[in-house]
Amino acid sequence: MFSDNGRNFVGAAREIDSNFAEQVKNLRDEAVNKYGHQNLSWHFIPPGAPHMGGLWESGVKSFKNHFKKISGQIKYTFEEFSTLLATIEACLNSRPLGSMSNNIDDYQTITPAHFLIGSSMLSPAEPEEIRLAGSILNRWRKLKAIHHDICRRWKEEYLVELHKRYKWKNPQADLVQGDLVALRGESVCATDWRLGRVIKVHRGSDGRVRVVDLKTQGGIITRPIHKLVLLPCSSSQ
């Protein structure tokens, strides 16, 4: 386990070590044989060095930037603020990390939610609030507008990070049949992602894949590769 030196994390590490040692002591040899391999090794980054947190700190930074830009000047009640953070948290923990299988008909992906609650995040379908939050008087609709705006911007930034291309410098692997990809610019709810499997590739005059046919839950569609993001742990990587 890796984390910063927050008091809650340090306290949790001490509590876990104490509970584990007491449990092993009470159950003695039987507990050692059964649970000894399940001990948790906790690693702390140096104090005052959040940049060494890598991916988790970059995720925190991304959320803070979008939150400050969109709703940093709005005053909330405790219930409003906790509700907004919970809905945004669900969006962040719904991001696809990689495909669960190579089955052409399987569109399920592993997400951070699988490690937290054992399954993917679910949320009720609702129309997107397209008006600016500042122009909405109803407090609930204002929160929905802020939530949708933050999630839309964050999801686009996340897909762009996965889709980085460096022209003329490093050749990129072509998409191949069976790859699981996310579609950019598709309007879906905050915790949902439009995914598809590559079933056919179309090459350009240079021999590189430029367009693909995708099998999605809604049927077969055709998209250019610049509208697609190859998910990590796919067959092309």
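The values are calculated or read from the model by the stated rules, or taken from the named source; none is laboratory data. Nothing here was measured: the structure is a model prediction, and the numbers come from that model. All Cβ positions, even for glycine, are placed from backbone atoms using ideal geometry, and neighbour counts span all protein chains on display. In case anyone asks, the SASA skips ligands and DNA or RNA and just uses the protein heavy atoms, side chains included. Shrake-Rupley method; radii C 1.70, N 1.55, O 1.52, S 1.80 Å.
Inspect the range 35-52 for any residue being at pLDDT 75 or above, in a helix (DSSP H, G or I) and surrounded by 11 or more Cβ atoms within 10 Å (Cβ to Cβ) and give the result as yes or no.
For the range 35-52, residues at pLDDT 75 or above, in a helix (DSSP H, G or I) and surrounded by 11 or more Cβ atoms within 10 Å (Cβ to Cβ): present.
Please find, within the range 211-237, the residue that is nearest to the chain's Cα centre (by Cα) out of those that are farther than 14 Å from GLN177 by Cα, open to solvent by 70 Å² or more (accessible area, probe 1.4 Å) and modelled with pLDDT of 80 or more.
Among those that are farther than 14 Å from GLN177 by Cα, open to solvent by 70 Å² or more (accessible area, probe 1.4 Å) and modelled with pLDDT of 80 or more, it is LYS227.
Could you list all residues from the range 79-106 that are within 30 Å of GLY178 (Cα to Cα), in contact (Cβ under 8 Å) with a residue 60 or more places away in the chain and not acidic (Asp, Glu)?
ALA90, CYS91, LEU92, SER94, ARG95, PRO96, LEU97, GLY98, SER99, ASN102, ILE104
Name the one entry in ASP17, ASP105 that is part of a loop (DSSP other than H, G, I, E, B) and open to solvent by 70 Å² or more (accessible area, probe 1.4 Å). First the steps, then the outcome.
Working: ASP17 fails: part of a loop (DSSP other than H, G, I, E, B).
After ruling out the rest, the residue left standing is ASP105.
Just for the range 67-85: of the residues that are part of a loop (DSSP other than H, G, I, E, B) and not hydrophobic (A, V, I, L, M, F, W, C), which one is nearest to ILE150 (Cα to Cα)? Show your work before the answer.
Taking the range 67-85 as the starting set, the residues that turn out to be part of a loop (DSSP other than H, G, I, E, B) are 72-77.
Narrowing further to those that are not hydrophobic (A, V, I, L, M, F, W, C): 72-73, 75-77.
Numbers: GLY72: 12, GLN73: 14, LYS75: 17, TYR76: 16, THR77: 19 Å.
Filtering the range 67-85 for residues that are part of a loop (DSSP other than H, G, I, E, B) and not hydrophobic (A, V, I, L, M, F, W, C), the one nearest to ILE150 (Cα to Cα) comes out as GLY72.
Go through the residues of the range 94-101 one by one and say whether even a single one is surrounded by 17 or more Cβ atoms within 10 Å (Cβ to Cβ), closer than 27 Å to GLY218 by Cα and at pLDDT below 80. Outline the logic, then answer.
Step one: of the range 94-101, the residues surrounded by 17 or more Cβ atoms within 10 Å (Cβ to Cβ) are 94-96, 99.
Cutting the leftovers down to closer than 27 Å to GLY218 by Cα gives us 94-96, 99.
Filter again for at pLDDT below 80, leaving none.
No.
Could you please find all residues in the range 149-208 being more than 16 Å from the chain's Cα centre (by Cα), closer than 24 Å to ASP105 by Cα and modelled with pLDDT under 80?
Filtering the range 149-208 for residues more than 16 Å from the chain's Cα centre (by Cα) gives 149, 164-179, 185-187, 196-208.
Add one more test, that the residue is closer than 24 Å to ASP105 by Cα, and what stays is 173-179, 185-187, 196-203.
Answer for the range 149-208, where residues must be more than 16 Å from the chain's Cα centre (by Cα), closer than 24 Å to ASP105 by Cα and modelled with pLDDT under 80: ALA173, GLY185, GLU186, SER187.
Take the conditions in a loop (DSSP other than H, G, I, E, B) and β-branched (Val, Ile, Thr) and apply them to ILE88. Does it pass?
Criteria not met by ILE88.
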